[in-house]
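To start, the structure under review is shown below, and the notes come after it.
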């Protein structure tokens, strides 16, 4: 009878933690990226799911490995200072680029391809990939880059 209580408590804890993480991560840009990919690759749902799980697993392993490496060489206080400094530098660079883009000369002739057209071309290339391993590899790399770019 005691094991029923243990199993019940486990599933309650699992449900609470799952709901909390899902709610916290739902508006994350990586999740939105996954939803976007789901709309483009609706006919390849299994490959898309494998790509996301592979990318998520690799990002977790990379983060765990880096954390273990830092744990041996740095104290927690030093690591917090480094992490905070990197966060501030990346935020400053993002703001600087935003201000630069906002206030640069309006009359400059831009001969770049619009971003929407670049995205459409990239998606069209991905749609032509027939090899499932290449498809999973490429989307996993995209997922890893999205997560590594997430400063939170």
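Coordinate-derived values only; no laboratory data. Every value quoted in this text rests on a predicted model; they were computed, and no experiment measured them. Ideal geometry is used to build each Cβ from the backbone, glycine not excepted, and the neighbour counts take in all protein chains shown.
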- Convex hull over the alpha-carbon atoms of segment 2-148: what's its volume per residue in Å³? 202 Å³
- Task: Order by neighbour count: 100, 40, fewest other Cβ atoms within 10 Å first, most last.
- Result: 100, 40
- Sorting 122, 44 on the 10 Å Cβ count, fewest up front, what's the list? 122, 44
- Message: Among 60, 34, 119, which one shows the highest mean-square fluctuation when the chain is modelled as a Gaussian network with alpha-carbon springs under 10 Å?
- Response: 119
- Query: Top mean-square fluctuation among 14, 50, 61, Gaussian network model of the chain, C-alpha springs under 10 Å?
  - Reply: 14
- Obtain the nm distance between the two label points defined at residue 3 and residue 23 by a simple spin-label model: each point lies 7 Å from its Cα along the Cα-to-C-beta direction. 3.3 nm
- Message: To make sure I understand, if each residue's beta carbon is the centre and we count other beta carbons within 10 Å, what order do 72, 8 fall in, fewest to most?
- Response: 72, 8
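To the nearest 500 deg cm²/dmol, what mean residue ellipticity at 222 nm is calculated for the chain from DSSP H runs of n ≥ 4 alone, each contributing -39,500 (n - 2.57), summed and divided by the residues?
Details: 6 runs with 123 residues, N = 152.
Counting only the DSSP helices, I get -28000 deg cm²/dmol.
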- Task: Report the calculated FRET efficiency for residue 81 and residue 31 (r = Cβ-Cβ distance, R0 = 25 Å), to the nearest 0.05.
- Result: 0.25
